[in-house]
Amino acid sequence: MTYECIKFEVDDHVATLSLNRPEKMNALNRQAYTELEEAVRRSDTEEDIRCLIITGEGRGFCSGDDVAELMMGDETPATRRRPVKGGVTPAAKAILDCNTPVIAAVNGAAVGWGMDLALLCDIRIASEKAKFAELFIKRGLIADVGGTFRLAQVVGASKANELLFTGDVIDAAEAERIGLVSRVVPAEDLMPAARELAAKIAANAPIAMRFMKEAVRKGQEGDLDRLGEFTSYAYSILFATADHKEGASAFMERREPSFKGE
C-alpha cells in the first residue's frame, strides 16, 4: 500500500510508523486514520516485524483529530450529526489487538486522540519537549478508549479522572512522575532510545512475545482462573518450540540466544 499521511519503514525486525502531516502537527484526518489502522495490522501479520515504533514527523507527535476536516469540512449539518456507530474506533482496535509490541516515541504534543494513541501503545518514551492533554472535555466531547479505558490502568483512577475532567496539559517531566511514560530523554536521543529498546524486544523469542502480550491482556481482565488456563495452554505450545530449546541451550552455554520464531 502507498501511504500519503504516514511513513512506514522496516529495518532489522523493527517497523517505524511515523505520522506524516507535520504542517498539521500530525492531526488525523480520515485518510490518516485508515493508513494508521492498515499499517498497525500489517505490523501484526508480517512475520519479519517483531516490534513497532509509532512517532510523529516534525514538532508534534499527534494533535488529535483534524477538526477543520472532520468537524468543519464539506459535510452537511445532517451528515455531521449522524449517529455514532457502535464499537471501538478501528485504529484504536487495531493497536489494542496487535500482538506485536508497540512503542510510542512521543516527540512533541500528544493531545486529544494523540494522547489516546500514545496510551494505546505498550510502552511510552517521551522527548523532553513532549506535552500531553486529554482535551476532549474542552471540545464538548469525551475521550476514546485510550483515555476512558487505558489511562486509569496507567496512572490510577484519581489522576486519570483529574486529567480527563480538566483537560489540563502536562509536560514530559510530570508525565514521567505519574508513570504515563517510562522515561524522558533529550529530543535528539528519542529515536535512538526507542530503536535501542525496540531492538532489545525484537531480539527475544517472537512466538513467546505474542503469547506474553495476550497473557498481559487477560491479566488486565482480572480473571485469574482464565489467565491460569491461558498460561497452561501457552506453555503447552512454547515448550515444543525451537526457540525454547535455543533459549535453554543458550542459558546452559552462557551465550546470547538467537531466536528464529520457530
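Nothing in this text is a laboratory measurement; each read-out follows from the coordinates by a stated rule. Everything quoted here is computed from the prediction, not taken from an experiment. Cβ sites come from the backbone with ideal geometry, for glycine too, and all protein chains shown count toward neighbours.
Classify the range 110-216 as rounded, prolate or oblate from the Cα gyration tensor: take a ≥ b ≥ c as the square roots of its eigenvalues, call it rounded if a/c is under 1.5, otherwise prolate when a/b beats b/c and oblate if not.
Because a/c hits 1.5 or more and a/b fails to exceed b/c, the range 110-216 counts as oblate.
Annotation: peptides 51-62, 242-253, ranked by per-residue average of other Cβ atoms within 10 Å with the highest first, follow the order 51-62, 242-253. Annotation: peptides 161-174, 6-19, ranked by per-residue average of other Cβ atoms within 10 Å with the highest first, follow the order 6-19, 161-174. The angle between the Cα long axis of helix 157-166 and the main principal axis of the chain comes to about 30°, on a 0 to 90 degree scale. How much of the DSSP beta bridge set in the chain is antiparallel, as a percent to the nearest 5? That works out to approximately 30 percent antiparallel. To the nearest ten degrees, helix 242-252 and the longest principal axis of the Cα atoms of the chain are 70 degrees apart. Between the Cα long axis of helix 190-202 and the first principal axis of the chain there is an angle of about 40°, rounded to the nearest 10.
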